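S.K.: Below you will find the structure I want to go over with you.
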Number of protein chains: 2
Amino acid sequence: MKGLGELERSIMDILWAENVPLTAREVGRLIEDRDLAPTTVMTVLDRLSRKGFLTRTRDGRAWRYQPAASRDAYVAELMLEALDMTGDRDAALTRFARAVSGSEAEILLKALTELEEE
Amino acid sequence: MKGLGELERSIMDILWAENVPLTAREVGRLIEDRDLAPTTVMTVLDRLSRKGFLTRTRDGRAWRYQPAASRDAYVAELMLEALDMTGDRDAALTRFARAVSGSEAEILLKALTELEEE
DNA sequence: GGGTAGTACTACGTCTTGTAGAGAGGTGAG
DNA sequence: CTCACCTCTCTACAAGACGTAGTACTACCC
């Protein structure tokens, strides 16, 4: 799936945070801290949609962009991808399980047991 | 932590598979399929150790390289890193739990319950 | 002492990412 | 109508990562 650059991720974060599709201009306004040229934002949005992270729909002349998948889905997919990289998935999973902190272990446990019940 | 390139990963795979520290020459011999110049292998090994993925010790004039961490540890770290990227770790974890296949869910479950017992 | 192996340093092409300008075409204000 | 402006698309460029490798120097074996 490939990772995102820093600016790309900032922009994805904005789009993930807002729940409505935004135009390039709106995204640009939300970045503030960095003083980016409007075309910079447009370029990055364009690249992101080309890479499949965003979908876009017309709104007059402008495009409105929105994430193709939720951040959770993206994160989960990254995790699975990391997992695919190992020859010994079980060992990696075990190690991962041991590494997550207590409260998160419980979340995981809960999700897993709910799965079993279904 | 940053990811690895394709050749870098092939080489890490070799070093993870063999359990002994290898010299550049030995690694090169194990790649076969690609017809790489010896210096290519050396360069990549050098970069990998510079990035902290490998440690090396002298053996005569040659260096012997070995992974700084196990593959499992690397994979688990990648997974945790992905997890850190989200604002809502719980949601991502839940989604992840639902995404792992049955047998793997059991591995996870087992590791987690063992944790609790300790 | 010449071939061989090994090192360090340097290099170059390609791809990705951050960053942005140029030019085209529509649109509202006056 | 005309001008200023918005937004788009296209193109560009610098920096860094990676794959790939040559060169030059050293040390060892026979």
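The values are calculated or read from the model by the stated rules, or taken from the named source; none is laboratory data. The model shown is predicted, which means the values in this text are computed figures rather than measured ones. Positions of Cβ are generated from backbone atoms using ideal geometry, with glycine treated the same way; all protein chains shown enter the neighbour counts. The area values use the complete protein model at the heavy-atom level, side chains included, leaving out ligands, DNA and RNA. Shrake-Rupley method; radii C 1.70, N 1.55, O 1.52, S 1.80 Å.
S.K.: Could you figure out which of (1) within 15 Å of DNA strand D (Cβ to nearest atom); (2) within 14 Å of another protein chain (Cβ to nearest Cβ) isn't true of A:Met42?
M.R.: (2)
S.K.: Restricting the search to region B:82-111, which residues are at pLDDT 90 or above and part of a loop (DSSP other than H, G, I, E, B)?
M.R.: Residues satisfying the conditions do not exist here.
S.K.: Out of the residues in region B:21-44 that are charged (D, E, K, R) and not in a loop (DSSP other than H, G, I, E, B), state the one that is surrounded by the most Cβ atoms within 10 Å (Cβ to Cβ).
M.R.: B:Glu26
S.K.: Please state which one of A:Arg47, A:Arg61 is in contact (Cβ under 8 Å) with a residue 12 or more places away in the chain, open to solvent by 30 Å² or more (accessible area, probe 1.4 Å) and away from chain B (no Cβ under 14 Å).
M.R.: A:Arg47
S.K.: Give the number of residues within region B:67-92 that are open to solvent by 40 Å² or more (accessible area, probe 1.4 Å), in contact (Cβ under 8 Å) with a residue 24 or more places away in the chain and more than 7 Å from chain A (Cβ to nearest Cβ).
M.R.: Of the residues in that region, 3 qualify.
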